[in-house]
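The values are calculated or read from the model by the stated rules, or taken from the named source; none is laboratory data. Not measured: the values here are computed from a predicted model. Here the Cβ positions follow ideal geometry from the backbone for every residue, glycine too, while neighbour counts run over all protein chains shown.
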Amino acid sequence: MSEESSGALANNAPPASPRTTVIEASQLSRSFGETKAAQDVSFEVCRGEILGFLGPNGAGKSTTLRMITGLLAADRGSAKICGIDVATHPIEAKKKFGYLPESIPLYEEMEVIDYLRFIGSARGIAKAVLEKSIDRIAMRLGLVSMLRRRCGTLSKGFRQRVGLAQALIHDPEVVILDEPTNGLDPRQIIEVRSLIRELATDCAVIFSTHILQEIAAICTRIIVIHSGHLIADGTPDELAGDSSEDWQVVTSGSGVDPEQCPGLQLAPGVEGSTGETVHRWLGESAPDLGDLSIQIYRSGSRLLHVGRSRETLEQVYLRLTGGERVQA
Amino acid sequence: MKDILIVARRECGAYFQTPIAWIFIALQIAILSFFFFLYSPFFIIESADMRVWFGLMPFTLMVFAPAVTMRLWSEELRTGSTEVLLSLPVKVVNLVIGKWLASVVVLLASVICSLGIPATISYLAASPIDWGPIIGGYIGTVLAGMMFLALGCWVSALSRNQVVSLLVGVTAGIVLVLALSPDFASFISGTNETLARIVESLGVQSHFRSIERGVLAISDVVYFLSGSCFFLALTVFQVELKKQ
C-alpha cells in the first residue's frame, strides 16, 4: 500500500460546496475466509448529510466503516473521502475525516489535555493553533473542567466526549462515528444528538447504530445493511413511503360505517388517538378524491388525508432484515 | 521525522509518568550490581574494570527488553486504541519507529543511571582505569539493546496479551544469546563447520564480546543496526497485516 504524502492532491481537490459528495464507496467487498462480510456495497454521502448505518449484529456495518477509514483493506472496490482514494493515498485521506471507534479507547495514564495535544499534533495542527483548537472543542463538548483529569478516571459519558473531541479537533470534512451514544444516559444522548446535528451544517456525518430511535431522531438518510448487502438506501420518509402498496383514508371523528356506504370500498376504520379514524382502501386502483370526499361528507364525517399506508421505522427494518430484532 | 517524535514523546510519557520505566531501570541495575559485586571475582582479583558487568548484559537485556516493549503494541491491540492510532495521518513506519525510540530512551536512561558504577570504580581504583573497554561496553549495550528492543516491538505486535509478548520475547532472546552462542558453535563445528560459522555470526554474544573488549568493529555495529532494522521492518509488516 502506498502511503506517500501527496500535498498536491489535497491542493488540487475541489473546495467542498454544501452538496459536494464527500464519501464515495464503490462496490466495497470484503470476505473473512468463507464469510462474506460486505458485498458490493456502494453509496455516496454529501456534505450536510447525516447518514445512519443500520443493521443487525454481524451485518457488515463495522466492516464497511473500517474499509472507508482505511483500517481494513477491501478485497474489491474502492472508497474515496473528499475525492481521495483511501487505499492509494491513505495519509491524505485520513486528514479529511475524524473517527470515533465503538470502544472509545483512550490512553488511561494521559491527562485529557495531553491526549488531545497528541492527537492534534499527529493530525498536523500547528502548535500555535492547537491550544485554541483544544479550548474550542473543550468548550463545545463541555470538557473544560476535565482537561486536567487523567483519561482513566473519566466516567463513560466524559470518555465519549473525549473520543468525540479527538475526532473533531481538526475540523474534519467527514465524521465517522461507531455507536456514538452507546452507554450514555438520556441527557448525554440528547446532547450528542444535538452535537451531531450541529456538525452536519459543516460536514458529513456517518454513524452506525442499533438504536432505531437514534436514526429516526437525527438522520437525514438511512442505509440498511444485511448479510453484507446494502438492502435499502433513502431518507426515513422514503423508506417508510416505499414500504406499502396499500392506500389509507383518514377521516374525522369516528369515521365512516362501511356497511352504510357500500359504494365507498372502505374497510372498517381504526380510531386513532387524535380523534381521527384510519380506513384501508379496498379498491384496486387509487381512490377518486372528488367522489370520496363527497360521500364521506354525506355520511357525516370529513376527509382529512388520503395516502399510501406508512410503516414505522421498526416495521420497515424488520421487513427488510427478515424479522431480526433490534433495540427500539 | 516530526511524526516519529510526536509518537515517541507520547510513549515516553506512558513510560515515565507510570512506574514502568523506573521499575525497569531499578531492577536492571540492582540485578546487575548484585551479580557484579557479590557473585563475581571483582573484589577478589581487585580488578578495576567492568568486564563482568558487560558480560552479563546480553543475559539481562534478553529478559528486560521484552519487559519494556511488551506493552507497546499488545496494550494498544487489547484496548483497541490502534483503531484511533491507525486512523491518524501518520505512516505505520513512523508509528513503529516512534514507539521503538521511546523504549530506546528507557534503555538510555538505564545506561545513564548506571554510570555511577564506573565513576565509583574509577574513584576507588589505585591506578587510572582503562576507559576503552568501559566505553566500548556501553556502546555495545546500547547497540545490543536497540536490537533487543526492536525484537520486543515485533513480538509485541504479534499478540494482544502482554504476558504472551513477554514470554515469546524472552524465548526469542534466549535463541539469540544462548542457542546461537560461540559455545554452541564450537560444539557443532566438529560436524558442520559452515553451520557453526553461521550460528556464531547470527548470535549476539560473538558480536558483543569484541565490542565489550573495546574493539569497535564495523561488522559488529552493522550486525546490531541491521538486526534492529530487520525487526522494525517485521513490526511494520505485522501492523500492516492487521488491515488485511
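One residue alone among B:Val105, B:Val52, B:Val96 is β-branched (Val, Ile, Thr) and more than 29 Å from B:Tyr123 (Cβ to Cβ), and that residue is B:Val96. Among the residues of the stretch A:27-72, those identified as part of a helix (DSSP H, G or I) and not hydrophobic (A, V, I, L, M, F, W, C) are A:Lys61, A:Ser62, A:Thr63, A:Thr64, A:Arg66, A:Thr69. For the stretch B:204-241, the candidate set comprises residues that are surrounded by 15 or more Cβ atoms within 10 Å (Cβ to Cβ) and within 14 Å of chain A (Cβ to nearest Cβ); within that set, the residue that is nearest to B:Trp73 (Cα to Cα) is B:Val239.
Taken together, the residues in the stretch A:169-183 that are within 24 Å of A:Thr64 (Cβ to Cβ) and outside any strand (DSSP E or B) amount to 8. One residue stands out among those in the stretch A:300-320 that are at pLDDT 75 or above and hydroxyl-bearing (Ser, Thr, Tyr): the one that is farthest from A:Val256 (Cα to Cα), which is A:Tyr317.
Candidates are the residues of the stretch A:31-80 that are of a type in the set (S, T, N, Q) and away from every other protein chain (no Cβ under 14 Å); the one that is surrounded by the most Cβ atoms within 10 Å (Cβ to Cβ) is A:Thr64. In the stretch A:81-103, of all residues being more than 20 Å from A:Ser42 (Cβ to Cβ), assigned to a strand (DSSP E or B) and not hydrophobic (A, V, I, L, M, F, W, C), the one that is farthest from the other protein chains (Cβ to nearest Cβ) corresponds to A:Gly98. Going through the stretch B:108-143 one residue at a time, which ones are in a helix (DSSP H, G or I), at pLDDT below 85 and polar (S, T, N, Q)? Passing the criteria: B:Thr120, B:Ser122.
To keep it simple, each residue is scored yes or no on (1) of a type outside the set (Ser, Thr, Tyr); (2) in contact with a strand residue (DSSP E or B) (Cβ under 8 Å, 6 or more places away or on another chain); (3) part of a loop (DSSP other than H, G, I, E, B).
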| position | (1), (2), (3) |
| --- | --- |
| B:Ile4 | yes, no, no |
| B:Gly13 | yes, no, no |
| B:Thr18 | no, no, yes |
| B:Trp73 | yes, no, no |
| B:Arg78 | yes, no, no |
| B:Glu83 | yes, yes, no |
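Residues in the stretch B:1-43 that are polar (S, T, N, Q) and under 16 Å from B:Ile112 (Cβ atoms) were compared, and the one that is farthest from the other protein chains (Cβ to nearest Cβ) is B:Ser33. Select from the stretch A:107-138 the residues that are at pLDDT below 90 and at the interface with chain B (Cβ under 9 Å from one of its Cβ atoms) and list them in ascending order. Within the stretch A:107-138, A:Glu108, A:Glu109 qualify. Restricting the stretch B:62-84 to residues that are in contact with a helix residue (DSSP H, G or I) (Cβ under 6 Å, 6 or more places away or on another chain) and free of Cβ contacts under 8 Å to residues at least 60 places away in the same chain leaves a set whose member that is farthest from the other protein chains (Cβ to nearest Cβ) is B:Phe64.
Within the stretch A:139-168, residues that are away from chain B (no Cβ under 14 Å) sit with their Cβ atoms under 6 Å from residues that are assigned to a loop (DSSP other than H, G, I, E, B), at 6+ positions apart or across chains, in these pairs: A:Lys156/A:Gly183; A:Gly157/A:Leu184; A:Arg161/A:Leu143. Does A:Gly163 count as closer than 17 Å to B:Leu86 by Cβ, more than 16 Å from the chain's Cα centre (by Cα), surrounded by 19 or more Cβ atoms within 10 Å (Cβ to Cβ) and not polar (S, T, N, Q)? Answer is yes for this residue. B:Met50 meets the conditions (1) modelled with pLDDT of 85 or more; (2) buried (at least 16 other Cβ atoms within 10 Å of the Cβ); (3) aliphatic (A, V, I, L, M) in every case but one. The failed one is (1).
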